[in-house]
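Novice: Take a look at the following structure, please.
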Amino acid sequence: MLQWLPENIASYGAQYDAVFANIYYIVGAWFLAAELFLFFCIFAFGRRKGRKAGYLPGHSWKAMSWVLIPAVVILGFDLAIDHQQVPMWRAIKEKQPPADQTVTVKGKQFVWDITHPGADGKLGTEDDKQTMNQLYVPVDKVIHLNLEAEDVIHSFFIPNLRFKQDVVPGRSIKGWFKAVKTGQYKISCAELCGVGHGNMGGWIHVLSEQDYQKWLRGEEITTSRLDKDSL
Amino acid sequence: MSTAATATLDRYESPSVATGRMGMWWVLASEIVIFGGAVVCYLLYRWHHPEWAESAVHTNELIGVINTVVLLTSSLTIVLAHDAAHHGDAARAKRLMGFTILLGLAFLCFKAYEYSHEVAAGFTPVKNLFWSFYYFLTGLHALHIVAGLIAIATVMRGVGRRENMQRVEYVGIYWHFVDVVWIFLFPLLYLAPKF
Amino acid sequence: MYHMQTGHAVGFWRKYVFSTDHKVIGLQYMITGLFMAILGGFLAYAFRMQLAYPNEAVPLFGQVGPDVYNAMVTMHGTIMLFWVAQPILVSGFGNYLVPLQLGAEDMCFPRLNMLSYWTFLVSTVLLVASFFVPGGAMGGGWTGYPPLNARMDYTGVDWGGTLWILALALEFAAALMSGINVLSTTLNMRTKGMTLFRMPLFVWMQNAANLIFMFSVGPLIAGALMLLADRTLQTGFFIPAQGGDPLLWQHLFWFFGHPEVYVLLLPALGILTEVIPTFARKPIFGYRMIVYSVVAAGVLSFIVWAHHQFVSGINPQLAVAFSLTTIMISVPFAVIIFSFLATLWRASIEYKVAMLFALGMLAEFLIGGVTGIHLASTSTDIYLHDTYFVVAHFHYTMFPVTFFGMFAGIYYWFPKMFGRKMNEGLGWIHFLVTFVAFNVIFIPLFAFGLAGHQRRIYDPSLWENLVPYQHLHVIATAATIVLLLGQIPFVFNFFWSMKKGRKAERNPWKSNTLEWDTPSPPGHGNFEAAPVVYRWPYEYSAPDREEDYRPQWLAPEAKP
Amino acid sequence: MNRGTYIKIYFVLLAMVGVSVLLGLAGHTRIAVAGIFATALFKASLVLGYYMHLKAEKNWVKWMLGSGVACLVILFVGLVPDIVYVYGRIAGN
């Protein structure tokens, strides 16, 4: 199943997909064991003449331990899973590395309004660059996002960065990522936001440093396929 | 009635609480989480919005006090009606339930007076969120008063025919619950929010 | 029909329509639910066709635009949960079986019970009517998140959303009334000898479900009234610009919404606790352990709700705490599932259709359970939240629970309800088609979710990253049609067997619980004579008895 | 319980209304707020205990009503981090 995940271009991508795989294999093993046992019982213990079912009410602690011990082992595995995944969560949502650049993303029905800092690298100045649905970032830089919404709840989702955060009107939620590979990747809206929800998306353009500077100056970028009309 | 009751006694495991009263307790359990949920929302918002205190000074505390006393008195009359019904005094029970209904109507009249003055002063449900909550909480409570009055009136008719006297207790429990809700709404909306 | 206690005949209207008999009310709930299931299934067909063949007119439906698509997915979710699963599993089976299994004549508040059904029917009418009002039916998602649904302008849905809220509020009121009946009946109307720990597990589960429902739904009812005010009066309970907070609704909704999963799951597990021992001819393994697990799950279900909101802007540390509680709630359910597996060990299984559906539910529900771990762990949920993975996950939990559980119950109790057996051959076909088609629909959706397919978009062909997987939508849609067609044998079997099926005796499956000590179907008042209970309900294949079952009502044989 | 008790309780309740009103006038302090809610709780417990006869009721009923209140406490505590101390909330909202 895991080969379905799209290419991962986030700096934490390898660890992230490792968490994924880890859970997948632990849980998969338990799942297979349980299903195999179930199907074994179904086929092995069919009704036959002359054979009576065992009388096993499972009232004693000894009998119940057949169920309780596996359940406790499962709890152990679950806690182990949670223990190894929580640092990943903290790394993504709580501990943000210092920003190289901050971008404001504002969702509204049914576009993403994106404000890039201009050449001075600061938001809220004259040279800010406004785009619609197109996010431009330099590669290998820590990008902070101010995620906001104007009208209803949207959700800023970049599958290749394993990034998702709902944007809520009245809040400015911080997010961060660092893309390690240049190219164009999809942005979508992952929260039902009205009639145009199915059309609400965009592209993130991860550019090399030179290309990014070029874009800031408003020059043509040949390495990038700038398809402004597509979603 | 009595034969069916004895038959039931033999028929089933001994009941834990009289069936009608237990049904009323379940109703109250559902109501506690409904009113409680609304109050939890109000408290959370109130904690976040200290500026609501400015709106809250405009609630009419005098009428709040009067209505508290009216409801407490009606609680007394309905519990005395239960006492009378318990001792088989149907006429007295009926009279006391009549008082309760009158007091409930008085509560609604005061409430209506209060609402009309507030709306006239511009404090409508859309004025701000404090007033939205004020109308929401007191309105929901007033609806329960109306439902309680209908229930009491229905039971009162039965009591007049000396039928189902045990229901005086059940309807009383409901009425006391409405009173308890008001006991909390009164400080929440009239007294404490001014701080 | 003849009334056993009062001894007078009852007319048609009192008997079938305005009845206070718990069995009739239970069947009314079930049949209303089955009709709504047809509607919900048809909606699924229409929007799956749109996903497979975007923007082509859907046969039997017509063009599906984005607004219609939103309305259809919203109503599909609402209908399947609150107008199919809830009325059938909780109110339907609960009403029909709880008094029978306790040895009672009826519910203890029969008129409240009738009021409950009629309130439910009014809510059904309101919900169906909302399809036909200007602006169409509710299109803001079955979770009704504000601000989207707090103002009509955001969705373009006018009266549809308002009717949706009213219908839900009435449905909750109906479910509460029915629940009060089940709880009171269980406490006060157990026949002689039926102590609490001799009750069938089905009764335990029904009571647990109704208690959980009662304690979780209140804040949402309050919230629904606030949302209604926001929609109609323009108040600002959930509008940030007016000081409200959209996240409050999400919390209120999921504080109810997650326990609701168990409200639907527990009755279905209750059906399994009756069906599996009967056809395995073996006592349920660990009766008390299951009861305590249900209690533990019920308590835990109140502290897991925010795992639906990991990326919705809640405090990240709160998310970690909720992840831990969510992981912990898997333990009581692991205990219950393992108890079922232990029950099958050294069993003597009869492959009746009811048993097939019960086993099918176990096998499928496991998939739903294990995929939940990816969603319960906060970091992997970042990626999977609001993708098709979630859709596949909850269908793997809710579909087996609702439909496999319901079919297991219907095939099992049909002889009791209508006095005739259903056809086993047609039942096998029904089971095989349902089982295979269901998996073919939803396994591709897991793949879709992993590929990053976000939910609730009406036209996947607009999305460059999803176009390579379009064939999976076609497969899933084809399987949906097969699944729906596969219900035809059931519908035919149901109505045909009602009239022409093989006559069923009182206890056709040689089962132990009290409902099998009544005529099939039971008359008004249920039992000819008050039954007395002598033992727990799962005495199958006892070594000291020739026959492989010993009903609860059978007096102990005198010792020689 | 008899009529005398009911009437005595009634006068205690009235006195409590007076106390809470006086507390409301006394001053805008935390103690006054705490006192107001303490009197409300006291009043409610009197009504519950004596008028609704919860004192004489089976224990499970008290537990059942109490667990309803417990659910509300859970809800309240769980929502404080999000609704009161809001994560990422823009000032002014």
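Novice: Per-residue ellipticity at 222 nm for chain B, helices alone: DSSP H runs ≥ 4 residues times -39500 (n - 2.57), over residue total, nearest 500 deg cm²/dmol? Walk me through the numbers before you get to the answer.
Specialist: Working: 7 runs with 154 residues, N = 195.
Estimated from H runs of four or more residues: -27500 deg cm²/dmol.
Novice: Within 11 Å, Cβ to Cβ, of residue C:324, how many net charges do the neighbouring residues add up to if Lys/Arg are +1 and Asp/Glu are -1? Present the calculation step by step, with values, prior to reporting the outcome.
Specialist: Values: positive: none; negative: A:78, A:82.
Result for the local shell: -2.
Novice: Between the alpha-carbon centers of region B:116-195 and region C:109-141, tell me the distance in whole angstrom.
Specialist: 27
Novice: Could you tell me how far the Cα centroid of region A:97-161 sits from the Cα centroid of region C:256-322, in Å?
Specialist: 41
Novice: Round to the nearest 10 and give me the degree value, 0 to 90, for the angle of helix B:2-11's Cα axis relative to the longest principal axis of chain B.
Specialist: 90
Novice: Using helices alone, what [θ] at 222 nm do you get for chain C, with -39,500 (n - 2.57) per DSSP H run of 4 or more residues, divided over all residues and rounded to the nearest 500?
Specialist: Working: 17 runs with 332 residues, N = 560.
Here the helix-only value at 222 nm equals -20500 deg cm²/dmol.
Novice: Okay, next question. Using protein chains only and a probe of 1.4 angstrom, how many square angstrom of residue C:131 are accessible, to the nearest 10?
Specialist: My reading of the accessible area for residue C:131 is about 60 Å².
Novice: Mind checking which aspartates and glutamates have their C-alpha under 16 Å from residue A:181, skipping anything on the same chain fewer than 8 residues away?
Specialist: Output for residue A:181: A:7, A:140, A:209, A:211.
Novice: Also: Going by accessible area, probe 1.4 Å, with all protein chains left in place, what is the ranking of B:48, B:87, largest first?
Specialist: B:87, B:48
Novice: Here's something else I'd like to know. Given the rule -39500 (n - 2.57) for each run of at least 4 DSSP H residues, summed and divided by the residues of chain A, what is its mean residue ellipticity at 222 nm, to the nearest 500 deg cm²/dmol?
Specialist: On the way: 3 runs with 70 residues, N = 231.
Mean residue ellipticity at 222 nm (helix-derived): -10500 deg cm²/dmol.
Novice: Once the Cα atoms of the protein assembly as shown are picked out, what are the Rg and Dmax in Å?
Specialist: 30.5, 104
Novice: Once amide H atoms are built 1.01 Å from N in the peptide plane, which residues 5 or more positions from residue A:129, or in another chain, come under 5 Å H to H?
Specialist: It is A:116, A:118, by chain and number.
Novice: Where the centroid of each part is defined by its Cα atoms, how far is region C:176-229 from region D:28-93 in Å?
Specialist: First find each Cα centre; the distance between them is then 23 Å.
Novice: If I take R0 = 56 Å and measure r between the Cβ atoms of residue A:210 and residue C:317 in this structure, what FRET efficiency does the formula 1/(1 + (r/R0)^6) give, to the nearest 0.05? Don't skip to the answer; put the middle values down first.
Specialist: Details: r = 41 Å, r/R0 = 0.73.
Efficiency, rounded to the nearest 0.05: 0.85.
Novice: Next up: Could you order C:118, C:496 so the one with the most accessible surface comes first? Probe is 1.4 Å.
Specialist: Working: C:118 70, C:496 105 Å².
My answer, sorted largest first, is C:496, C:118.
Novice: Still on this structure: For chain C, find the longest principal axis of its Cα atoms and tell me its angle to the long axis of helix C:201-233, 0 to 90°, nearest 10.
Specialist: Relative to chain C, helix C:201-233 is tipped by roughly 30 degrees.
Novice: Find the accessible area per residue for chain A; the probe is 1.4 Å, ligands and nucleic acids are left out, and the unit is Å².
Specialist: Working: 10100 Å² over 231 residues.
Solvent-accessible surface per residue comes out at 44 Å².
Novice: Counting only protein chains, not ligands or nucleic acids, how are A:78, C:153 ordered by accessible area (probe 1.4 Å), most first?
Specialist: Numbers: A:78 10, C:153 135 Å².
Most to least solvent-accessible, the answer reads C:153, A:78.
Novice: Something else now. Excluding ligands, DNA and RNA, what is the accessible area buried between chains A and C, summed over both sides, using a 1.4 Å probe, to the nearest 100 Å²?
Specialist: Values: alone 14460 and 22050 Å², together 28430 Å².
So the buried area, both faces added, is about 8100 Å².
Novice: Report the residue, chosen from A:13, A:170, A:183, that carries the largest GNM mean-square fluctuation when chain A is represented by alpha-carbon nodes joined by springs under 10 Å.
Specialist: Looking only at A:13, A:170, A:183, the largest GNM fluctuation is found for A:170.
Novice: Count the DSSP beta bridges whose two residues both fall in chain A, then state the antiparallel fraction as a percent rounded to the nearest 5. Please list the in-between numbers first.
Specialist: Details: 29 of 41 bridges.
Counting DSSP beta bridges with both partners in chain A, the antiparallel share is about 70 percent.
Novice: Moving to a separate point now. How much of the calculated P(r) for chain A lies past 24 Å, in percent of all Cα pairs?
Specialist: Working: 15264 of 26565 pairs.
Everything past 24 Å amounts to 57 percent.
Novice: Additional query: Of D:47, D:12, D:69, which has the largest mean-square fluctuation in a 10 Å C-alpha GNM of chain D?
Specialist: Greatest mean-square fluctuation among the candidates belongs to D:69.
Novice: Identify which of D:76, D:37, D:11 has the largest mean-square fluctuation in a Gaussian network model of chain D, with springs joining Cα atoms closer than 10 Å.
Specialist: Comparing D:76, D:37, D:11 in a Gaussian network model of chain D, the most mobile one is D:76.
Novice: Leaving ligands, DNA and RNA out of it, work out the accessible area of residue C:435 with a 1.4 Å probe and give it in Å² to the nearest 10.
Specialist: Here the accessible area works out near 50 Å².
Novice: By how many degrees, between 0 and 90 and to the nearest 10, does the Cα long axis of helix A:61-89 differ from the longest principal axis of chain A?
Specialist: 10
Novice: Further, regarding this structure: Any chance you could look up the accessible area of residue C:388 with a 1.4 Å probe, heavy atoms only, rounded to 10 Å²?
Specialist: 10
Novice: Please report the buried accessible area for the interface of B with C, total over both chains, probe 1.4 Å, in Å² to the nearest 100. Kindly include the intermediate steps, with their values, before the conclusion.
Specialist: Details: alone 10810 and 22050 Å², together 29950 Å².
For chain B against chain C, roughly 2900 Å² becomes buried.
Novice: Cross-link partners among lysines for residue C:352, C-alpha distance below 22 Å, same-chain residues fewer than 8 apart left out?
Specialist: By straight Cα distance, residue C:352 reaches A:49, A:52, C:282, C:416, C:421, C:499, C:500, C:503, C:510.
Novice: Sticking with this structure for a sec: Pull up all non-local amide H partners of residue A:155: gap of 5 or more, or a different chain, and H-to-H distance under 5 Å with H placed in the peptide plane.
Specialist: A:167, A:190, A:191
The values are calculated or read from the model by the stated rules, or taken from the named source; none is laboratory data. Everything quoted here is computed from the prediction, not taken from an experiment. Don't worry about glycine lacking a Cβ; one is built from the backbone with ideal geometry, like all the others, and counts go over all protein chains shown. Note: areas computed on protein heavy atoms with side chains; ligands, DNA, RNA excluded. Shrake-Rupley method; radii C 1.70, N 1.55, O 1.52, S 1.80 Å.
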